[in-house]
Amino acid sequence: MTNWDAAQTELEQIAEDATDQMRKHGLNPEERSIRVENHELWITIWFPDQPDTKVLARNQEAMTILKEKITTSSSLPTTVNANYEADTGENFITAWWHSG
């Protein structure tokens, strides 16, 4: 089982860096959440409502930025699950790691 303490601390910094870069690209992240739940470490970033036609492109660009930042990690596992709910017009992206 992975000890998520170091990873969670590092993910906080990664999330801050990623959301700063997203703002520079005009993506306007509103909120982020990092949590440990049932042997999993999660990050979720929410965005303001947009027309459905723009959600997919925005979520894809945001996920690319987040994944680029994650690759610089020294304490996160190299395999990450990532999801953006563009098909339903959801205004968030999420990534998570499983241990156990």
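Here are 82, 95, 86: which of them is modelled with pLDDT under 90 and farther than 14 Å from residue 14 by Cβ? Please lay out each step first, then the result.
Values: 82 fails: farther than 14 Å from residue 14 by Cβ; 95 fails: farther than 14 Å from residue 14 by Cβ.
Of the residues listed, the single one that is modelled with pLDDT under 90 and farther than 14 Å from residue 14 by Cβ is 86.
Residues of region 1-28 being of a type in the set (A, V, I, L, M), assigned to a loop (DSSP other than H, G, I, E, B) and modelled with pLDDT of 90 or more, which ones? Can you show your working first?
Taking region 1-28 as the starting set, the residues that turn out to be of a type in the set (A, V, I, L, M) are 1, 6-7, 11, 14-15, 18, 22, 27.
Imposing the further condition that a residue be assigned to a loop (DSSP other than H, G, I, E, B) reduces the set to 1, 27.
Within region 1-28, 27 is the sole residue that qualifies.
So, residue 36, is that one over 12 Å from the mean Cα position of the chain (by Cα) and among the β-branched types (Val, Ile, Thr) or not? Step through it out loud before you land on a result.
Values: over 12 Å from the mean Cα position of the chain (by Cα): yes; among the β-branched types (Val, Ile, Thr): yes.
So residue 36 fits the description; yes.
If I ask for residues that are in contact with a Gly (Cβ under 9 Å, 6 or more places away or on another chain), farther than 20 Å from residue 8 by Cα and either in a strand (DSSP E or B) or hydrophobic (A, V, I, L, M, F, W, C) (or both), which ones from region 29-55 would you list?
55 - this is the single residue of region 29-55 that is in contact with a Gly (Cβ under 9 Å, 6 or more places away or on another chain), farther than 20 Å from residue 8 by Cα and either in a strand (DSSP E or B) or hydrophobic (A, V, I, L, M, F, W, C) (or both).
Taking region 35-74, which residues are modelled with pLDDT of 90 or more and in contact with a His (Cβ under 6 Å, 6 or more places away or on another chain)?
none
If residue 77 satisfies all but one of (1) in contact with a strand residue (DSSP E or B) (Cβ under 7 Å, 6 or more places away or on another chain); (2) at pLDDT 75 or above; (3) part of a loop (DSSP other than H, G, I, E, B), what's the number of the condition it fails?
All conditions are met except number (2).
What pairs come up if the first residue lies in region 49-61 and is surrounded by 12 or more Cβ atoms within 10 Å (Cβ to Cβ), the second is of a type in the set (Phe, Trp, Tyr) and assigned to a loop (DSSP other than H, G, I, E, B), and their beta carbons are under 7 Å apart, counting only those six or more places apart or on different chains?
58/47
The values are calculated or read from the model by the stated rules, or taken from the named source; none is laboratory data. Bear in mind that the values here come from a model prediction, so they are computed numbers and not experimental data. Note that we place each Cβ from the backbone using ideal geometry, even for glycine, and neighbour counts take in every protein chain shown.
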